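Notes follow the structure.
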Amino acid sequence: MSEVANGDMAPDFELATDGGGTVRLSDLRGKKVVVYFYPKDDTPGCTREAIAFSALQSEFDAAGAAIIGISPDGTTKHDKFKAKHALTVILGADTDTAVAEAYGVWVEKSMYGRKYMGVERATFLIDATGKIAETWRKVKVPGHAEAVLEAVKANG
């Protein structure tokens, strides 16, 4: 597994999304894209993060940026999660974790002494040329969506 860095070309992906759609990163070339990885639908931190990005959706739109949340959950769970919390962001289903692995966020975690593989909460700002402009790893949710929005605005 490799870890992507600022200045690298963002690994392309195509994922099934909520609502029965698909999203392909290369189709969004020409605009900024915020890709945020989160561990699981409808858990406290992931819910707060998705609500925060959704609350700022119009400002991200005005700044010319698409937002894609990615987790290993399938589209049925994404649909329920989105409906329950009135989310507006696109949710991609990385059920085989290939995209998380490509971005270096499929990592060994530990809880109560038990080790397991899971998604590290991380966000990537991809510029209009498809390069990673900024990276946030081991994200803490409070204030994160606002910090990403500021970076989107700064990366004119």
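Remind me, what semi-axes does the stretch 71-156 give for its equivalent ellipsoid, largest first in whole Å, using sqrt of 5 times each Cα gyration tensor eigenvalue?
In descending order the semi-axes read 23, 18, 14 Å.
I want to check the label-to-label distance for T97 and K115. Put each point 7 Å from Cα in the C-beta direction and report it in nm to one decimal.
The modelled label-to-label distance comes out at 1.3 nm.
Give the separation of the Cα centroids, the stretch 72-114 to the stretch 1-52, in Å.
Using only Cα atoms to place each centre, the spacing works out to 9 Å.
Label A55 and R29 with points 7 Å out from Cα along Cα→Cβ: what is the distance between them in nm?
3.6
Provide the gained length on full extension for the span D12 to V107, in nm with one decimal, where the gain is 0.36 nm per separating residue minus the Cα-Cα distance.
So the chain would gain 32.2 nm between D12 and V107.
At a threshold of 8 angstrom on Cα-Cα distance, excluding pairs fewer than six apart, so keeping six or more, what relative contact order does the stretch 85-156 reach in percent?
It comes to 17 percent, rounded to a whole number.
Using r as the Cβ-Cβ distance of K40 and E146, and R0 as 22 Å, what FRET efficiency do you calculate, to the nearest 0.05?
0.45
Along each of the three principal axes of the Cα atoms of the stretch 1-67, give the extent in whole Å, ordering the values from largest to smallest.
Answer, in whole Å and largest first: 33, 31, 28 Å.
Quick check on the chain: helices-only [θ] at 222 nm, where DSSP H runs of length 4 and up contribute -39,500 (n - 2.57) each and the sum goes over total residues. Nearest 500, please.
Estimated from H runs of four or more residues: -8000 deg cm²/dmol.
Which of the aspartates and glutamates could a cross-linker bridge to K140, judged by Cα under 17 Å and excluding same-chain residues fewer than eight apart?
D41, D42, E49, E120, E150
Roughly to the nearest percent, how much of the accessible area of the stretch 1-131 is carbon and sulfur, given a 1.4 Å probe?
Carbon plus sulfur share of accessible area: 53 percent.
Among A83, A128, A66, which one shows the highest mean-square fluctuation when the chain is modelled as a Gaussian network with alpha-carbon springs under 10 Å?
A83
Taking just the C-alpha trace of the stretch 2-41, give me its Rg and Dmax in Å.
In order Rg, Dmax, the Cα atoms of the stretch 2-41 give 11.8, 32 Å.
Name the residues whose placed amide hydrogens come within less than 5 Å of the amide hydrogen of D73, ignoring near sequence neighbours (fewer than 5 apart) on the same chain.
Sorted by chain and number, the residues that satisfy this are D41, D94.
Counting only Cα atoms, I'd like the Rg/Rh figure for the chain, Kirkwood definition for Rh.
0.93
The values are calculated or read from the model by the stated rules, or taken from the named source; none is laboratory data. Because the structure is predicted, anything quoted here is derived from the model rather than measured. Positions of Cβ are generated from backbone atoms using ideal geometry, with glycine treated the same way; all protein chains shown enter the neighbour counts. Remember, those area values only see protein heavy atoms, side chains included, never the ligands or the DNA or RNA. Shrake-Rupley method; radii C 1.70, N 1.55, O 1.52, S 1.80 Å.
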